[in-house]
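Since every read-out is calculated from the coordinates, none of them should be taken as a lab result. Computed from a predicted model, the values in this text were never measured in an experiment.
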Amino acid sequence: MSDQNFIHPDLEQAMRALETQQAVLALDVDGEIIAVNQRYLDMSGYRREDLIGRPFSLLLAPELAAAKPYEELKEALTRSDHRRRVRDQRRTLEQRRVDGQPFWANCSFCPAYDSDGKTLLTVIFAIDVTAEHERLNRAESTQTALSRSQVVIEFAPSGEVLHANDNFLKAFGYTLPEVVGQHHSMLCDPDFVSSPAYKKFWNDLGLGYFQSGEFHRFAKGGRDVWIMASYNPILDGSGQVTRIVKIATDITARKVMAQEKAGARQAAVSRSQAVIEFKSTGEIITANDNFLRAVGYTLPEIVGRHHRMFCEQAYSQSNEYRQFWQDLSGGSYQTGEFMRICKNGKPIWLVASYNPILDDDGNVTGVIKYATDVTAKKIAMSEIVEGLEALAKGNLTPRISENVSGEFAQMRDGFNTTLESFARMVDEIRANFEEMNSEAGEIAQGAGDLARRGESQAASLEQTAAAVEQISGNIAMTSQSARDADSSARDAQEIVENGAQVVAQAIAAIERIDEHTKKMGEFTRVIEGFAFQTNLLSINAAVEAARAGEVGRGFAVVANEVRNLAQQSAKASQNIADLIGKSETEVKSGVRLVRDAGSSLDQIRKAVSGMVENIAEIAHATTEQSTGVREVSEALSQLDNVNQANLSMSEQYATAAAALLTQVEELNGLMERFETGSDAGAALVHQPKKAPTDPYGHQRIAG
């Protein structure tokens, strides 16, 4: 039968209407293609002349064309007694394009009958479902792969079980008939099933929202099962949820291991720390032995009571305390150092953390507190602070007596040892203070004596200088008299009658010179004694400086300079003595000459020229005496300068000694600030002290 013979007007009109929407193909009673529209040609890739008159099996996959279901389909389409059954023949058939590539079409087989019920032809209406078929194949492959490794169960939107794979049945211990038709709630905790959270869970799934997470479920017999699962709503073309596929992994073994590890960690923590557990509202659930020992309660005494039983009343009624528990119930942990009250009313200090416990939905179900008792350390630190404050005020008696361990024990021992050493040092300084005070007083007294002796020596030198000045004047007068005698000798004849009187005056003058010379000898001995005393004083000063130690080192230098000056004074005094000895010799010579002149007055009269020569010699001798006296005066001047320097040094020495005494008193004042707990030291500090004196022996008031 050819395409041109297909002239049935009704069928032709129907095909024109349908072919705009669907692929259409017509078969005769032998299954050969008698008509085909353009959509079917486009779908298969064939040309019209390649299909007309060819069997429909040409389009089918070879394995499908030879299959029994297709033979049964052909028989049903050609037999009139199967009319009712044929009306329902719809198949998705795998077909082949002209290039051999597969495509799938959703085919409806519609036979046409004559009045006798015999099949005239069969019209096939086809829709290309290749893309959907491939998508479904991929989904089925994925589901098959997941089903091999995952727990898979399907639910109706209302929660009834539609199907479950072997992994699910194995994990939960059920058979498929035991779960199909049952509600998902059979796997859950009854309390959770009756909660609003469970109702919301299924409402969200029914609206198309997937759910995922870690879930706690119950297997057959009540055994705990933990799964990591996702609930995936499956939507139809209109967006309605038709079923819910749950894909899960059994993590029970891992969860149990984690819980065992957590339990082991919890046990380890419980052995070393104080642990107490509360409800989210603050009521006590339980506490370990460490906590009970720390606060002094037994477990029955605290279970069911509120956490505020450990707090001060004012704090437990404060907004801060209410906010503390509001934060915990909201899931915020708290950590820090807290002061609490024991059963005996004493405070206890805890370094603690309050840790909210969350359920699977993130709700706070309780609070666990981990704490370490740091009361001993707190008290030790407090005592250290108090001790340091007392030390700043000079009190060396505080000690840390609290039993602590670790680094605080070392700190306690170091603090106590330091204060004890400091107290002993202060007591030793106090014990040595009296001796230091006495020695400083002696040094000051010696300096005053040295200054007074220096003043006396200066006065003696002034007297000696005055006497030498007087001698110098007398020698000048003698020299002038000798010059006058020389002038008068020339007029000897005129004044010879007065010669006896002049000689008598000369004898008297010479005798006075002799007396003055002897006095000068006494002055030199005084100077020598002064030099000796100065040398002795410098030696004593050096001894005192050595006894003063570091403080007297500078004074020892001064004493050495004084000794050098004393030696120079002794040497100068010796020179003066030599000069005076020479002067005395000359004076004695003059006395003899004058006496000879008196005895030889008659000869003078006879030899005026010889007298002139003698008088000239006298004038020369007096000139030399004047020179010697000037040298003595200069030596005395030098000795006076040295003595003035010695006096200045002695005053500096006295000032240094007074400063040393002041420093000793200031040191004692510093020591009086410290309280060491030693009665002997305290008594020594408050003994009356001898008032110091200035270099002149006057009592000095410390200012």
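Applying a threshold of 32 Å to the alpha-carbon distances of LYS255/LYS369; LYS279/LYS343; LYS199/LYS220; LYS279/LYS346; LYS255/LYS377; LYS200/LYS279 flags LYS255/LYS377 as lying beyond it. Remark: the stretch 150-255 projects, on average over all directions, an area of 6.4 nm² (convex hull of Cα atoms).
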